[in-house]
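Participant: Just dropping this structure here.
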Amino acid sequence: MELSSKDREGFHVVEVHGNILVGDVDSFEMYLKSLKSRNVLKIAVEMSQVDSIVSGAIGALMGLADELEAMGGRLVLLTPNVKVLNVFRRMGLDQVFRIYDSEEETRRSFS
Amino acid sequence: MLDKWKKEREAAKLREWLTGTLAANPAWSVVAGRTQWICPLCGLVGATFQARTELLDKVGAHLEACPVFKEGTRGPKFTKDQLDLKARFLEVKALVLSNPLWQQRDSRGRWFCPYCLRDSEVQIPLDGKINLDIIDKMHVHIESCFAYDHGRGQPKTLADLQRTIQAHDAVAKLEVQVKQKIAATPVWRVRDAKGSWVCPYCRQVLLSINASSMITLTETAPVQISMHLVNHCAGYRSKREPAATAQELEAIFKPAAPPVLASATAAAAAAAAAAAASAEADANSATRILTDQLMQKMKKEMAEIRAEVQVDKSARLGLEEARKKQMQMLPELPKLPGLDFHVIYKPCSTVAGDFYDFPRVSEDEIGILIGDVSGHGIEAGIVMALVRKVISIHAKGKSSPKATMVASNADIYPDLDRSTFATVSYCVLNLKTRELRMTRAGHNPILLFNPARSPSLLSFEPKGMAVGVDKGLRFEATLEESACDLQRGDMLLFFTDGISETANAQKEEFGIDRVKEELNQYGGHEAKYLLHMLDMNVAEFRGAERELEDDITIIGIKVK
């Protein structure tokens, strides 16, 4: 798994490249938390290149989403593919996270 | 004369109709063993023929006597699939009665399939007499046999089959001896730091053999150990007693000290050595006070490191104690008439986040619970104990698994932080009616396999949100309960994501589809065998050199 990020108008996009496996969870969580510590509070995690995500990484997303909301921010998911979307659906978490199909939609939701 | 002419005309019309029907309707052209035509109206062998040219006349002759045809029925009463099934049964019957390849059994009387070379639950009596009931059971296996592949596969040779049976007999015989050795001899109980069994012959760590507790060591390990010894262990082939002692094996596989301590200890040793060298150098010197000061400093550092080592040792011992306790708390497998339960449970770290239980719901109902707390280690271990206990308490008296899960989630939610949740499958099985009521709170699907069902593999995925994610309203609204009536031959499979998310060196996941393939392949066998094969193939997929990255729990239940 590799991570990169870019600033967009009014929010920050974290791009995930590759699957998030058990061994990736710590670095994934640390990367997201480092954004929060830099006061980046509106985050969209772009997941179009992710085919699988383990439960530990979903836990990390949930934890951060909660912390950001408490600070007035938000974490959303951007363009997850069908496989990942099915994992979230299987866990009933498609109702917990906001999921968007495009950066434009994401931008509107943050504004 | 007129009657004769009428009869000839009717016969000609029938012949014409039959010629068209045999050519056009696939249900009318099902033949078993190339010689037996099966009537699609009455479902019986209607004609036996040697050459295709005889078929038309013989079918015509059968129809004149066929009671269904005489009633005026012309459309087939059986589908082509049903007739093909019947044809395959007849072919199997003919082979079983005439070909020794189909009559092979092991010392316990279990029949071995000549295609997949696997043992089965089909018993051939000692006198070797095979009746229709036995043939029927063989046919049930054959219908789901991946190697038979609906008649497209090739059978193995008799020599291959007999070699396989000999190896099975050797494993079965050895299993008893291995159990005795484990109970009596410490060298057979040695395990590495992760709880994997260490072979006293070849001194290899067998990652797929869980020896983390006496339960696993005496229940699941003996058959795996026997298979290793018979099929893979070069050291065992000498058939002598192991040369190694338990102490020697333990010394080889003693867990290495944590790096931080190793470096600290090395630093201390270096410092002490430096101090000793320095002291020696200064022995004849007038600056003895400085040496003393240095020694004092070294002694102080050594004391600090000793204390550090002691703290870490206590922590490690505490974790090992927690693991031991957790393994001791594993629920016993239910012993119920007509149901064969088996479980494989492998924690990846000292303390596991996976859990399972079989709470008694009422006199006639038993619960089946499997779950996985996100993450692993001590924190997941604590949450797992909480979730398992709360669900087991709420299970009592509640026939509806949904009611149990809703009440449990409400109790568990306030105690979890937002990054921790548990995926859970919880079912209630009525032992009288054999109705299985299922809920799935974000967990993997519940799989059911039975070659006698159509389709033979079912995946139950009622909707539901993971436990601990929502306070209550959404959890209850999304949680579905579904039901299924179990029948003889059903194999139920529950598993955690340590199975489906196991990744190989190329970072490819094992995935749920491969779990289904395994179930298709081994689901006709006993639960213990299915779980063993699944576990072994997942370990093989992961790669022998790679350690477990997540806890593994598999439950198999065979309905007999």
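The values are calculated or read from the model by the stated rules, or taken from the named source; none is laboratory data. The structure presented is a predicted model; accordingly, all values stated were derived computationally and were not measured. With ideal geometry, Cβ positions are generated from the backbone for all residues, glycine too; neighbour counts draw on all protein chains shown. For the accessible areas, the whole protein counts, side chains as well, though only heavy atoms, and no ligand, DNA or RNA atoms are used. Shrake-Rupley method; radii C 1.70, N 1.55, O 1.52, S 1.80 Å.
Participant: Are there trypsin sites (Lys or Arg not before Pro) in the range B:151-246 that DSSP marks as loop and that have at most 10 other Cβ atoms within 10 Å, and which are they?
Facilitator: B:ARG152, B:LYS239, B:ARG240
Participant: Turning to a different aspect of this structure: What average count of beta carbons from other chains do you get within 10 Å of the Cβ of residues in A:84-93?
Facilitator: 5
Participant: Now, a different point. How many square angstrom of accessible surface are buried between A and B, both sides summed, with a 1.4 Å probe and rounding to 100?
Facilitator: In total, this chain pair buries about 1900 Å².
Participant: Here is a further query. Could you check what % of the DSSP bridge pairs in chain A are antiparallel, to the nearest 5?
Facilitator: Taking every DSSP beta bridge with both residues in chain A, the antiparallel ones total about 35 percent.
Participant: Would you list, by chain and number, the aspartates and glutamates whose Cα falls below 15 Å from the Cα of B:LYS396, excluding same-chain residues fewer than 8 positions away?
Facilitator: B:LYS396 reaches B:ASP357, B:GLU363, B:ASP364, B:GLU365.
Participant: How large is the helix-only mean residue ellipticity at 222 nm for the protein assembly as shown, computed as the sum of -39500 (n - 2.57) over DSSP H runs with n ≥ 4, divided by its residue count, in deg cm²/dmol to the nearest 500?
Facilitator: Result for the protein assembly as shown: -14500 deg cm²/dmol, rounded to the nearest 500.
Participant: Cα-Cα over 21 Å: which of B:LYS129/B:LYS558; B:LYS528/B:LYS558; B:LYS179/B:LYS389; A:LYS42/B:LYS463?
Facilitator: B:LYS129/B:LYS558; B:LYS179/B:LYS389; A:LYS42/B:LYS463
Participant: So between B:GLN50 and B:ARG108, what do we pick up on full extension, going 0.36 nm a residue minus the alpha carbon distance?
Facilitator: Once the chain is fully extended between B:GLN50 and B:ARG108, it gains 16.8 nm.
Participant: Further, regarding this structure: A:LYS6: which aspartates and glutamates have alpha carbons under 18 Å from its alpha carbon, excluding same-chain residues fewer than 8 sequence positions away?
Facilitator: Once the sequence-local aspartates and glutamates are set aside, what remains near A:LYS6 is A:GLU15, A:GLU29, A:GLU46, A:ASP101, A:GLU103, A:GLU104, A:GLU105.
Participant: Mind listing which chymotrypsin sites (Phe, Trp or Tyr not before Pro) in the range B:493-555 are in a DSSP loop and have 12 or fewer other Cβ atoms within 10 Å?
Facilitator: Here no chymotrypsin sites (Phe, Trp or Tyr not before Pro) fit, given the DSSP loop and packing criteria.
Participant: Under the definition of partner shielding as Cβ atoms of other protein chains within 10 Å of a residue Cβ, what is the mean value for peptide A:51-62?
Facilitator: 6
Participant: Okay, next question. Do any GluC sites (Glu not before Pro) in the range B:40-89 lie in a DSSP loop with no more than 12 other beta carbon atoms within 10 Å, and if so, which?
Facilitator: When the GluC sites (Glu not before Pro) of the range B:40-89 are filtered for loop state and at most 12 Cβ neighbours within 10 Å, B:GLU71 remain.
Participant: Considering every residue in A:19-28, what mean count of other chain Cβ atoms within 10 Å of its Cβ is obtained?
Facilitator: That average works out to 3.
Participant: Amide H to amide H, which residues 5 or more places from B:GLY46 or on other chains are under 5 Å from it, using H placed in the peptide plane?
Facilitator: B:TRP37, B:ILE38, B:CYS39
Participant: Sticking with the crude label model, points 7 Å out along Cα→Cβ, report the distance from B:GLN487 to B:ASN504 in nm, one decimal please.
Facilitator: About 3.7 nm, to one decimal.
Participant: If R0 is 45 Å, what FRET efficiency do you get for B:LEU330 and B:LYS432 from their C-beta distance, rounded to 0.05?
Facilitator: Calculated transfer efficiency: 0.95.
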